[in-house]
Amino acid sequence: MAARNQIVARYYDKKFRPSVFRVGDLVIKRVLVQGLGLGSFGPKWDGPYTITGIVRPGTYRLSDQDGRNLGLPWNADHLKRFYQ
């Protein structure tokens, strides 16, 4: 069982590419709380936002298109690159 887990982990690690963003990149963020009674029909992503700072690797500060900063930093797992 342990040998099989090592094989699966090696395959996963070979294919995995972490999301890396730079200051100034446009991203969209995951909507964590579905609101307004829309349930699963509501939007899953919100944005675009601009990355204004890197707190630590994988954690970013965002600002909206008007230049207002979002309060808390966001993890890269909840962000996607936005293409215009």
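The dipole here belongs to segment 20-81: it is taken about the Cα centre, uses +1 on the Cβ of Lys and Arg and -1 on the Cβ of Asp and Glu, and is about 160 debye.
For segment 1-61 versus segment 62-76, the inter-centroid distance based on Cα atoms is 15 Å. Here is how the number arises for the chain: DSSP H runs of 4 or more residues each give -39500 (n - 2.57), the sum is divided by the residue count, and the result at 222 nm is -5500 deg cm²/dmol.
Considering the values [x] 44, 31, 17; [y] 39, 28, 16; [z] 52, 34, 25, which represents Cα extents along the principal axes in Å as calculated for the structure under consideration? Given [x] 44, 31, 17; [y] 39, 28, 16; [z] 52, 34, 25, the calculated one carries the label [z].
Contact order for the chain, expressed relative to its length and based on alpha carbon pairs under 8 Å spaced 6+ residues apart, stands at 27 percent.
Taken together, the values in this text are just the output of simple stated rules run on the coordinates, not laboratory data. All values reported here derive from a predicted model rather than from experimental measurement. All Cβ positions, glycine included, derive from the backbone under ideal geometry; neighbour counts span all protein chains shown.
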